[in-house]
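The block underneath contains the structure these notes are about, expressed in structure tokens.
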Amino acid sequence: MDPIPYRRETPGTQPPALWPDYRSTVLRSPRKPLIALPHTLSEVTGPIFSHDRLQPNDADLTSQHKDRPIGDRMIVAGRVIDENGRPVAGTLVEIWQANSAGRYFHARDSRDAPLDPNFTGGGRTITDDAGQYRFITIKPGYYPWQNHENAWRPAHIHFSVFGPSFVTRLICQMYFEGDPMLPFDPIYMSVPSEAGRKQLCAAFDYDLTVPGFGLGYRFDIVLRGRDATPFEADDHAH
Amino acid sequence: MPIESGWATVGPFFHAVLPWKDGGVMAGPETKGEPITILGRVLDAEENPINDALIELWQANAGGKYNHPEDTQSGEIDPSFQGFGRVAADAEGSFTVKTIKPGPVRGLGNSWQAPHIQISVFARGVLKRLVTRLYFEGGPGNEHDPVLALIEDEERRETLMAKPDPKESGRWHFTLRLGGPRETVFFDV
Ligand SMILES: [Fe+3]
């Protein structure tokens, strides 16, 4: 029996390959049409990672070094769900980000801003049965980049998620609701719809806030889903 | 209904997290199958090396079985082989992967897919990952592979073919071109 395919990308929801406002896309965007590939076993399978991939402090970016990093400590938590609203359990979530001064712990980031010896900016966790994840980190700073005159990236955290198959893979960036830099950022603006962009903005969440410790931000992530009908029918069989 | 979150580039600074140690070593000495080394390169539309690319690979084991619950084909999972690799390109846009040659995998209907490796390309300037496949030049089953057959321009099928090293067997060369006249075939999955 053929595998149940995943839903195709909803037109008008994802950034185009060529987006000249983001200069680096010009020489790195295929110009020939993509070839539609029906989902075979090779597409509906994918790597599944167990907890042995994780180190003890991977989900707490503020405790990976001798001392606490400088900056506003915060909790970033949310759910990974699919397009049918179902939790994606047991999936690897990875994040990376700049420090509170807007500098990455990276040899190629030579910007004139301090490094923080107590902050590498990398985190990893696996979602629980309800698709939930939770990181403790510090609020990333803004950083300038060379894309255009007076270009600054909004504060953001990079997210990488796998989901249950090869086609559910997602890499996105989490932004902060109300950040004044958002409309000037060509990477944020490459997501075509306002609803889609808004979905990438974490919201301050009083319930996630830990008294005396740090503010909470909620960020939910949506992965590709399968068409609801056959999937639901299958569910009822159990 | 929610829709898939909007993609973004990995940017140039993913190295602290994504390419984990030995990510290009997918198989060990105990892994069943024919060991191979893939010597890859990633180039932009002007054939400049892309020194900040990340490549992910996903493949079946030597018996053509994926290490995943939805693979209900007969055959056994090789405990020494997950089938996933992740490797960053170096300053020359080059990457090295040590794995085993995958077996053929069922396609749709009664078809069979020739041995292939699923490839994802991420980089600064790539807003959404690019998906392609690696096949083995001269490999058994290529001429009947249903996915290669989707590519009407036969010359473009060549862009998916890893080429055997003329001097050393088991070494395969594979170049990804993100644009330009010899642009690699990328798939919409
Ligand atoms: Fe960034």
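Read-outs throughout are calculated quantities, based only on the coordinates presented, and are distinct from any laboratory measurement. Everything quoted here is computed from the prediction, not taken from an experiment. Ideal geometry is used to build each Cβ from the backbone, glycine not excepted, and the neighbour counts take in all protein chains shown.
Mean shadow of the range B:1-137, computed from the convex hull of its alpha carbons, in nm²? Mean shadow area of the hull around the Cα atoms is 10.6 nm².
When chain A is treated as a GNM with alpha-carbon contacts under 10 Å, the residue of A:168, A:25, A:91 showing the greatest mean-square fluctuation is A:25. A Förster distance of 30 Å, applied to the separation of the beta-carbon atoms of residue A:10 and residue B:73, puts the FRET efficiency at 0.45. The residue list A:196, A:186, A:84 was ranked by how far each Cα lies along the charge dipole of chain A toward its positive end, using unit charges on Cβ atoms, and A:186 comes out on top.
With 0.36 nm allotted per residue and the present C-alpha distance subtracted, the residue B:16-residue B:143 stretch has 41.6 nm of extension available.
When chain A is treated as a GNM with alpha-carbon contacts under 10 Å, the residue of A:55, A:132, A:173 showing the greatest mean-square fluctuation is A:55.
One chain, two ends: residue B:163 and residue B:80. Fully extended at 0.36 nm per residue, the span grows by 27.2 nm beyond their Cα-Cα distance. In whole percents, the pair-distance distribution calculated for the protein assembly as shown from its alpha-carbon pairs, binned every 20 Å from zero, is 26, 59, 15, 0. A run of chain B free of exposed loop cleavage sites, with GluC sites (Glu not before Pro) counted only in DSSP states other than H, G, I, E and B and at most 16 other beta carbons within 10 Å, reaches its longest extent at B:93-136.
Counting other Cβ atoms within 10 Å of each Cβ, which trypsin sites (Lys or Arg not before Pro) in the range B:140-189 have at most 13 and sit in a DSSP loop? The qualifying sites are B:167. When chain A is treated as a Gaussian network with alpha carbon springs shorter than 10 Å, the biggest mean-square fluctuation among A:222, A:44, A:161 belongs to A:44.
Using 0.36 nm per residue and subtracting the Cα-Cα separation, the extra length available between residue B:152 and residue B:90 on full extension is 19.0 nm. Placing a label point 7 Å from the Cα of residue A:26 along the Cα-to-Cβ line, the residues of the range A:176-200 whose backbone N sits under 17 Å from it are A:186-187.
When the listed pairs A:32/B:128; B:21/B:98; B:65/B:163; B:21/B:163 are checked against a 21 Å cut-off, the alpha-carbon distance exceeds it for B:65/B:163; B:21/B:163.
Spin-label model, residue A:34 to residue A:148: label points 7 Å out along the Cα-to-beta-carbon direction sit 2.5 nm apart. Put a plus charge on the Cβ of each Lys and Arg, a minus charge on the Cβ of each Asp and Glu, and nothing anywhere else: the dipole of the range B:14-177 about its Cα centre is then about 360 debye.
Tell me the trypsin sites (Lys or Arg not before Pro) within the range B:26-127 that lie in a loop according to DSSP and have at most 16 other beta-carbon atoms within 10 Å.
B:32
Label reach from residue A:72 (point 7 Å along Cα→C-beta): in the range A:126-140, amide nitrogens under 14 Å belong to A:137-140. Please give the residues of the range A:159-181, grouped as numeric ranges, whose backbone N is less than 18 Å from a label point set 7 Å along the Cα-to-Cβ vector of residue A:215. Within reach of a label on residue A:215: A:174-181.
What the pair-distance distribution of the range B:57-180 shows, using all Cα-Cα distances binned every 10 Å from zero, is 11, 41, 37, 11, 0 percent. Charging the Cβ of each Asp and Glu at -1 and of each Lys and Arg at +1, and nothing else, the dipole of the protein assembly as shown about its Cα centre rounds to 700 debye. In the range A:16-77, which trypsin sites (Lys or Arg not before Pro) fall in coil by DSSP and have 14 or fewer other Cβ atoms within 10 Å? Listed in order of number, the matching sites are A:31, A:66.
Restricting everything to alpha-carbon atoms, can you work out Rg to Rh for the range A:87-144 with a Kirkwood hydrodynamic radius?
1.10
In whole percents, the pair-distance distribution calculated for chain A from its alpha-carbon pairs, binned every 5 Å from zero, is 1, 6, 12, 16, 18, 16, 14, 9, 5, 2, 1, 0.
Helices in chain A, meaning DSSP H runs of at least 4 residues, each add -39500 (n - 2.57). Divided by all residues, the mean residue ellipticity at 222 nm is -2000 deg cm²/dmol.
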